Amino acid sequence: HGLGVLGDAGRGAPHAAGLAGADDVVVTATLSKSLGSQGGVVLGPERVIAHLVNTARTFIFDTGLAPASVGAALAALRLLR
């Protein structure tokens, strides 16, 4: 939460709270608010991501982001830096 607004260089609430990179923290972020794109991301330990990839029905029956959406989000992240 708070991507683009909270924390050093807009890195979000987990970063502002000192939780970024912790072994037991899973972060979700939307690309459609401050980044002006579409979609979202889940960031966390490899074991959690692997579990989600293999069991999350909403992930299994979904499609990847359009390359233009990824490019737009990446460009916005670069501007935040």
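Each reported figure results from applying straightforward, stated rules to the coordinates on display, with no laboratory input. Being a predicted model, the structure only gives us computed values, none of them experimental. Please note: Cβ atoms are built from the backbone with ideal geometry, for glycine as well, and neighbour counts cover all protein chains shown.
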Neighbour-count order for Thr55, Thr30, fewest beta carbons within 10 angstrom listed first | Thr55, Thr30
In Å, descending, principal axis extents of the Cα set of the chain = 33, 32, 15
Put in order of increasing Cβ neighbours within 10 Å, starting from the fewest, Ile60, Ile49 give Ile60, Ile49
Divide by every residue of the chain the summed helix terms, -39500 (n - 2.57) for each DSSP H run of at least 4, and state the resulting mean residue ellipticity at 222 nm, rounded to the nearest 500 deg cm²/dmol.
-> -10500 deg cm²/dmol
Starting from the Cα-Cα distance between Val25 and Arg81, subtract it from 0.36 nm times their residue separation and give me the gain in nm to one decimal.
-> 17.9 nm
